[in-house]
Amino acid sequence: MNLLQIFIAVLCMLNPIGGINLYSTLVANETYSVQIKILVACFLCISCSLILLAAIIQPLLILLSFPLYAIHFGGGVLLVIIGMLNMLKLPEKKPLVDKSISLEATIALESNKVSPLGIWSGINPLSLASLSPAVIIVDINYSFMAQSSSDKLGLILVLLVVSLVFCCILLNAKWIKTTFSSSSLLFITRLIGLIITAVAFQMIVAGATSVLPLVLGNSFGLLQPN
């Protein structure tokens with residue numbers, strides 16, 4: 001297994017660049033210690049859900065009688081759509097007039113404070129990033145590729161590292177927003193879309209390779225060179 005490919009693919013599916021604005025809004029009125037607590041909860045929720053899904057998905061699909069090529073085809077098509085949307089994303093339009101913050105916006109920020117229960121139970125959109133369809137599909141794909149014990153251990157370590165890097169990027173959200181221009185972040189978003197599309201076509205080809213012998217039967221062997 002190519003662990004570097006898994007790391008890049010899963011991190012792109014989590015899309016930390018897209019979560020920067022969400023994280024900034026979520027912790028707008030929070031202290032630094034609360035921000036750390038939120039990210040710790042995010043790390044625990046994301047890493048545990050990724051590892052748990054990778055562990056149970058094979059017996060679950062066998063129980064439900066879902067063939068792997070169906071996951072490859074369906075997931076690949078969905079990832080192509082997600083990747084294309086990322087690559088075709090347009091820059092955000094900035095307002096011509098910079099108005100001061102309104103009373104309604106101030107009330108919205110105050111109501112956005114995270115409760116202690118919300119922090120440690122992971123009840124926020126960032127902690128649920130691993131439940132997006134793209135992340136689930138890629139996690140399923142690589143969990144089926146991990147057959148040996150060393151591959152499974154490597155997959156677990158990669159998922160832990162990906163979750164940690166995702167949270168570290170969010171922790172530096174303010175620095176990223178001030179250092180990089182909107183055009184640079186848009187370029188990274190489109191690059192993420194390109195990587196997602198590449199993973200999608202890889203899954204579709206893998207599904208086609210699996211299903212062609214079933215469809216063509218004995219004639220498939222005649223098509224292969226001797």
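A Förster distance of 35 Å, applied to the separation of the beta-carbon atoms of Ser148 and Leu85, puts the FRET efficiency at 0.45.
Hull volume per residue, based on the alpha-carbon atoms of segment 27-76 and their convex hull, is 100 Å³. When Phe201, Phe166, Phe180, Phe7 are compared by accessible area of protein heavy atoms, the largest-first order is Phe201, Phe180, Phe7, Phe166, using a 1.4 Å probe. Separation of the alpha carbons by more than 24 angstrom is noted, of Lys37/Lys152; Lys89/Lys152; Lys89/Lys174, for Lys37/Lys152; Lys89/Lys152. In nm, to one decimal, how far is the modelled label at Ser24 from the one at Leu164, with both set 7 Å along Cα→Cβ? Those two pseudo-labels are separated by 2.7 nm.
The values are calculated or read from the model by the stated rules, or taken from the named source; none is laboratory data. The model shown is predicted, which means the values in this text are computed figures rather than measured ones. Cβ coordinates were reconstructed from backbone atoms using ideal geometry, including for glycine residues, and neighbour counts include every protein chain displayed. These accessible areas exclude ligands, DNA and RNA; they are computed on the full protein's heavy atoms, side chains included. Shrake-Rupley method; radii C 1.70, N 1.55, O 1.52, S 1.80 Å.
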